[in-house]
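Report on the following structure.
The values are calculated or read from the model by the stated rules, or taken from the named source; none is laboratory data. This one's a predicted model, so the numbers in the text were calculated from it and none came from an experiment. Cβ coordinates were reconstructed from backbone atoms using ideal geometry, including for glycine residues, and neighbour counts include every protein chain displayed. Accessible surface areas use protein heavy atoms only, side chains included; no ligands, DNA or RNA. Shrake-Rupley method; radii C 1.70, N 1.55, O 1.52, S 1.80 Å.
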Amino acid sequence: MDNIRQANWSDIDILTDLSRRTFSDTFASEYDPADVRQYLEETFSTVQIEDNLSRPESIFFLAYNNPSLSHQPIGYAHLVGNSSVPIVETVSKPVELAQLFVEHRELRKGHGSSLIQACLNYAVENGFETLWLKVGERNERAQAFFNRWGFNQVGNCPFKLGLETRNCCVLLRPVLLS
């Protein structure tokens, strides 16, 4: 079982490094290297992480694979309330799972499931009713993972990185499954 904790201001450097590294490890081979560098600077810069942490509707969870939480985290999840794409605007009290990444060497060890559960617990405790996310339509591993957690595709939206625009699947699920 992972140990999950909510990130705080002292984690800015950790979050910046972890988010940049896990995104790059996951997607760098699929895009132009210059475009990836620019995206990392825009999306996962220290300034952007600080901005996210300063907003009350933006929550990060860090996953550790040791009980003392004394080593570097091996994954993270980022939740954003009051975030939407048109297809989600009609659902009740949505919260977005903006990112969920786990170090490649730690994949398929249950860390993603622990992070999803932490997000669902947070959503319940804070009155959200729907958890939604975007996942690349080519990312079949991630789609299968989220399907196992009860997410269903409700539409599509574009994802632009550099000059390339790809299609993302918009997935959602009720926070509490009946």
Here the relative contact order (percent) of the range 31-150, from C-alpha pairs under 8 Å and at least 6 apart, is 20 percent
Between the alpha carbon centres of the range 105-178 and the range 35-63 the gap in Å comes to 18 Å
Using the Kirkwood radius over Cα pairs of the range 52-110, the Stokes-Einstein translational diffusion coefficient at 20 °C and 1.002 mPa s, in µm²/s and rounded to a whole number, is 162 µm²/s
For the chain, the Kirkwood Rh over every pair of distinct alpha carbons, in Å, works out to 16.6 Å
Those GluC sites (Glu not before Pro) from the range 62-103 that are DSSP loop and have at most 14 other Cβ neighbours within 10 Å turn out to be 89
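Looking at the range 26-126, I'd like the Rg to Rh ratio, where Rg is from alpha-carbon atoms and Rh is Kirkwood's inverse mean 1/r.
Radius of gyration relative to Kirkwood radius: 0.99.
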Mean-square fluctuation maximum in Gaussian network of the chain, Cα pairs under 10 Å, restricted to 98, 123, 34, hits 34
The answer for the chain, accessible area per residue at 1.4 Å probe in Å², is 52 Å²
Expressed as a percent, the accessible surface of the chain that is carbon or sulfur, using a 1.4 Å probe and the full set of protein chains, is 50 percent
Here the tail fraction of P(r) beyond 19 Å, over all Cα-Cα pairs of the range 111-178, rounds in percent to 37 percent
Heavy-atom accessible area of residue 14, protein chains in place, probe 1.4 angstrom, given in Å² to nearest 10, is 40 Å²
Descending accessible area (1.4 Å probe), largest on the left, turns 16, 165 into 165, 16
In whole percent, the Cα-Cα distances of the range 1-70 spread across 10 Å bins from 0 upward as 19, 44, 30, 7
Dividing the helical contributions, -39500 (n - 2.57) per DSSP H run of n ≥ 4, by the residues of the chain yields a 222 nm value, nearest 500 deg cm²/dmol, of -10500 deg cm²/dmol
